[in-house]
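S.K.: For reference, the structure I am asking about is given below.
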Amino acid sequence: MDINKIREQFPILSIKIDGKSYYYFDNAATTQKPQKVIDTVNEIYSLQNSNIHRGAHYLSNLLTDRFEQARIKVQHFINAEHREEIIFTYGTTSSINLLSYSFGEAFVGEGDEVITTELEHHSNIVPWQILCERKKAKLKYIPLAKDGALDIDRLESLITPKTKLVTIAQVANSTGSVNDVKKVVKIAHSHNIPVLIDAAQSIQHMKVDVQELDCDFLAFSGHKIYGPTGIGVLYGKKEWLEKLPPFMGGGEMIDRVTMERTTYNCLPFKFEAGTPNYVGAIGLGAAIDFVNEVGIEEIASYEKSLYDYALQKAEENTNLLIIGPETGKISVLSFVHKSIPSGDLGFFLDKWGIAIRTGNHCAQPAMDFFGVPGTARLSIAMYNTREEVDYFFEKLKEAELFFGV
Ligand code: PMP
């Protein structure tokens, strides 16, 4: 992987703020966009814009075609068996809300149970809490173990005949831990329970193959994999999606509407009410092309060596308490400084052009487990470098001097 060539393709990486370079380590929140994605979005708005699907004219047909091509790119990227298993949403949150509503309407009743984990992002907790409240069902959690990793072995004992669905993130945004989702699928399937995987923090860092994982549903956001904001994906096995009712009603999701009743469109359109974010979807297709050109395996191995480097530097600083398990993490380095509050540290580093995120990372139950209100989080992407990591730790040392540590 030629890191300089990659960096050249991200215009934002060469901006200066107050004359200083910008060191972007907030990639778990959102990734920057390569020129290819920017050009694609620009081209559509400049030269091709038109609403899709119902048009009788050239541009509408062109963009409908590009939109459906983007769907096929996503299909191949995650190795889904069928094109219609890819539903475009507005992001991971939107995908999970779609599923929790729709699956919940069809399959969750009073006294039933859904299982999530203590390590989830709020977007894989709150929609299930809302569902459970609506249906008088119960939400259970795979707990974190002492070592800071999920205790996946506890899943078996949490499952009862009332369990309807299990959901888990493949990679935790608050700690970077990689969860053994394959094992979760195996255990759940041995009880005929479907599994949703939140791939928001894995899709950009590792090969995600839905057939190999054998998951029933999977969600991710375009903006975290170098694509535009406002576009996301819900993958679902066709046999499941066919059984689920629509989430939102409106245009495009219908087959026939009379004043009395409506019959619904086929998959995937049944779940894509209204004008979809076709610009975002086509932009996501361009992002996937970009990732494919670099190679997801190359990205994974480059990021691993950079991550290991950063982790080792962090471990050398005895003032840092690294959050999460010791091993089995990628991309996210989450820590608390023994003497400097995370917010103050973030503020200091920002003055030196370093962008990290501080706070609870929308994972308050996990923060409660670790006994901290929040952490400082450095998260890497394919364009980060060792020099940037060195700069970060140099400025961290300066912060310690500044705060009198
Ligand atoms: N799940 C995880 C693990 C995440 O990291 C995030 C974003 N931080 C989300 C879900 C929600 O993604 P979005 O805000 O793009 O909907």
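The values are calculated or read from the model by the stated rules, or taken from the named source; none is laboratory data. Computed from a predicted structure; not experimentally measured. Because the Cβ atoms are built from the backbone with ideal geometry, glycine has one as well, and the counts that use them run over all protein chains shown. These area figures cover heavy atoms from the full protein model, side chains too; ligands, DNA and RNA do not enter into them. Shrake-Rupley method; radii C 1.70, N 1.55, O 1.52, S 1.80 Å.
S.K.: In segment 17-102, which GluC sites (Glu not before Pro) are in a loop and have at most 16 other Cβ atoms within 10 Å, using DSSP for the loop call?
M.R.: Loop-located and lightly packed - E81.
S.K.: In whole Hz and in residue order, list the ³J(HN,Hα) couplings for segment 225-236 that follow from phi through the Karplus curve 6.51 cos²θ - 1.76 cosθ + 1.60, θ = phi - 60°; x for Gly and Pro.
M.R.: Whole-Hz 3J(HN,Hα) from phi for segment 225-236: 10, 6, x, x, 7, x, 9, x, 9, 10, 8, x.
S.K.: Give me the one-decimal nm value for the distance between modelled label points at Q35 and N319, 7 Å along each residue's Cα-to-Cβ direction.
M.R.: Here the answer is 4.1 nm between the modelled labels.
S.K.: Which value, in debye to the nearest 20, gives the size of the charge dipole of segment 212-267 about its Cα centre, when Lys and Arg are +1 and Asp and Glu are -1 at the Cβ?
M.R.: The dipole of segment 212-267 has a size of about 160 debye.
S.K.: Next up: As a test of the formula, what do you get for the chain when each DSSP H run with n ≥ 4 contributes -39,500 (n - 2.57) and the sum is divided by the residue count, at 222 nm and rounded to the nearest 500 deg cm²/dmol?
M.R.: -11500 deg cm²/dmol
S.K.: Packing-wise, with mean Cβ within 10 Å as the measure, how do 168-175, 34-41, 104-111, 117-124 rank, highest first?
M.R.: Peptide ranking by packing, descending: 168-175, 117-124, 34-41, 104-111.
S.K.: Would you work out the charge dipole size for the chain about its Cα centre, treating the Cβ of every Lys and Arg as +1 and the Cβ of every Asp and Glu as -1, and quote it to the nearest 20 debye?
M.R.: Computed about the Cα centre, the dipole is about 640 debye.
S.K.: Let me ask something else about it. Which parts of segment 231-269 would a label at H189 reach, counting a residue when its backbone N lies under 13 Å from a point 7 Å out along Cα-to-Cβ?
M.R.: Backbone N within reach: 237.
S.K.: Considering only protein heavy atoms, what per residue accessible area in square angstrom results for the chain with a 1.4 angstrom probe?
M.R.: It amounts to 42 Å² per residue over the chain.
S.K.: Residues with amide H under 5 Å of L144's amide H, sequence separation 5 or more or different chain, H placed in the peptide plane at 1.01 Å from N; which?
M.R.: Under 5 Å from the amide H of L144 lie the amide H atoms of E118, D151, each far enough along the sequence or on another chain.
S.K.: Using a 1.4 angstrom probe on the protein heavy atoms only, line up R134, R83 by accessible area, largest first.
M.R.: Largest accessible area first, the list is R134, R83.
S.K.: Indicate the helices, whole DSSP H runs only, in the chain that combine a mean Kyte-Doolittle hydropathy of 0.5 or more with a Cα extent along their long axis of 18 angstrom or more.
M.R.: Helices meeting the span and hydropathy rule in the chain are 278-294.
S.K.: Using a simple spin-label model with points 7 Å from Cα along the Cα→Cβ vector, what separation in nm is obtained for T327 and S157?
M.R.: Taking the simple label geometry, T327 and S157 are separated by 2.5 nm.
S.K.: Roughly to the nearest percent, how much of the accessible area of the chain is carbon and sulfur, given a 1.4 Å probe?
M.R.: C and S fraction of accessible area: 51 percent.
S.K.: Positive end of the dipole of segment 192-283, charges at C-beta (+1 Lys, Arg; -1 Asp, Glu), about the Cα centre: which of I225, L213, M259 has its Cα farthest in that direction?
M.R.: Selected residue: M259.
S.K.: Taking R0 as 22 Å, what's the FRET efficiency between F107 and E81 from their Cβ-Cβ distance, rounded to 0.05?
M.R.: So, using R0 = 22 Å, E works out to roughly 0.50.
S.K.: Gain in length, Q364 to M259, computed as 0.36 nm per residue apart minus the alpha-carbon separation, to one decimal in nm?
M.R.: 33.2 nm
S.K.: Taking H as built 1.01 Å from N, whose amide H comes closer than 5 Å to the amide H of G91, not counting residues under 5 places away?
M.R.: G232, V233
S.K.: In a shell of Cβ-Cβ distance under 14 Å around T160, excluding T160 itself, what net charge do Lys and Arg (+1) and Asp and Glu (-1) give?
M.R.: +2
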